[in-house]
Amino acid sequence: MNEAALQKLKSLKTFIFDIDGVLTTGNVLVTEEGHMLRSVNIKDGFALQHAVKQGYNIAIISGGNSQGMLHRFQGLGIKEIYLGQKNKMAAFEKVCSDFGVGPDEVAYVGDDMPDYPILKMAGLPVCPADAATDIQEICELVLTVSGGQGCARLLLETAMKLQNTWHNNDTHTW
């Protein structure tokens, strides 16, 4: 990771994630009944719930509208979940307002063009290794892993270790 991104990770407390292509591989399995199935990385899930328990602001903003994803992220303790967002910027502004932070105090992780406007505003624009080229070009931090392969885990674990909250023995739940 580049030095500027590491410096920002030492103080950021708010992390917002897209779902498809970030917390999933971006592949969708469509059943004969028309259900769309995605898979998520269990290590991302651990990092997300651990960050919530450590007091970090975690939110999800997605254009997709999967009830399965809603239940998954609610089960991890995430309360700010915005699905079916055609205009992600409105949800981003609401999350910032709800958490009482400015856009410059947020790490946003996105992978494709619907994330572009938010990535341009975020204090730390982040993307997976396999993000669209236009997205990689504007991100300050391009992760070393692809979407669905531990993006949230890598980002949150790095930030929390820099802030000495990853191994906080007072609140271990594992």
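Check the stretch 88-106 and report whether any residue there is outside any helix (DSSP H, G or I), of a type outside the set (Phe, Trp, Tyr), surrounded by 22 or more Cβ atoms within 10 Å (Cβ to Cβ) and touching a helix residue (DSSP H, G or I) at 6+ places or on another chain (Cβ under 9 Å). Lay out the reasoning, then the answer.
Step one: filter the stretch 88-106 for residues outside any helix (DSSP H, G or I), giving 100-102, 106.
Cutting the leftovers down to of a type outside the set (Phe, Trp, Tyr) gives us 100-102, 106.
Restricting the remaining residues to those that are surrounded by 22 or more Cβ atoms within 10 Å (Cβ to Cβ) gives 106.
Next, only the ones that are touching a helix residue (DSSP H, G or I) at 6+ places or on another chain (Cβ under 9 Å) stay: 106.
Scanning the stretch 88-106, I find at least one residue that is outside any helix (DSSP H, G or I), of a type outside the set (Phe, Trp, Tyr), surrounded by 22 or more Cβ atoms within 10 Å (Cβ to Cβ) and touching a helix residue (DSSP H, G or I) at 6+ places or on another chain (Cβ under 9 Å), so the answer is yes.
If you go through the stretch 1-44, how many residues are part of a helix (DSSP H, G or I), closer than 18 Å to GLY148 by Cα and touching a residue at least 40 places away in the same chain (Cβ under 8 Å)? Break it down stepwise before answering.
Narrowing the stretch 1-44 to residues part of a helix (DSSP H, G or I): 3-9, 42-44.
Subsequent filtering for residues that are closer than 18 Å to GLY148 by Cα retains 42-44.
Filter again for touching a residue at least 40 places away in the same chain (Cβ under 8 Å), leaving 43-44.
The total comes to 2.
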- Task: Quick one: which residue in LEU162, LEU154 is surrounded by fewer than 23 Cβ atoms within 10 Å (Cβ to Cβ) and farther than 26 Å from LEU37 by Cα?
- Result: LEU162
- Query: Only one of these conditions is not met by GLY55: (1) part of a loop (DSSP other than H, G, I, E, B); (2) touching a Gly at 6+ places or on another chain (Cβ under 7 Å). Which number is it?
  - Reply: (2)
- Residue check, GLN67 against (1) at pLDDT below 95; (2) of a type outside the set (Lys, Arg); (3) within 16 Å of the chain's Cα centre (by Cα), all met but one. Which one? (3)
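Go through the stretch 20-77 and give me each residue that's among the aromatic types (Phe, Trp, Tyr) and surrounded by fewer than 21 Cβ atoms within 10 Å (Cβ to Cβ). Explain how you work it out, then say what you get.
Taking the stretch 20-77 first, the residues among the aromatic types (Phe, Trp, Tyr) are 46, 56, 73.
Once the filter is applied, which keeps residues that are among the aromatic types (Phe, Trp, Tyr) and surrounded by fewer than 21 Cβ atoms within 10 Å (Cβ to Cβ), the stretch 20-77 yields PHE46, TYR56.
Collect the residues in the stretch 1-32 that are farther than 19 Å from CYS139 by Cβ and at pLDDT 95 or above, keeping them in residue-number order.
As a first pass, look at the stretch 1-32 and keep what is farther than 19 Å from CYS139 by Cβ: 13, 27-32.
Within the stretch 1-32, LYS13, GLU32 qualify.
The values are calculated or read from the model by the stated rules, or taken from the named source; none is laboratory data. The structure displayed is predicted, hence computed values, not measured ones. So basically every Cβ, Gly included, is an ideal-geometry build from the backbone, and we count neighbours across all protein chains shown.
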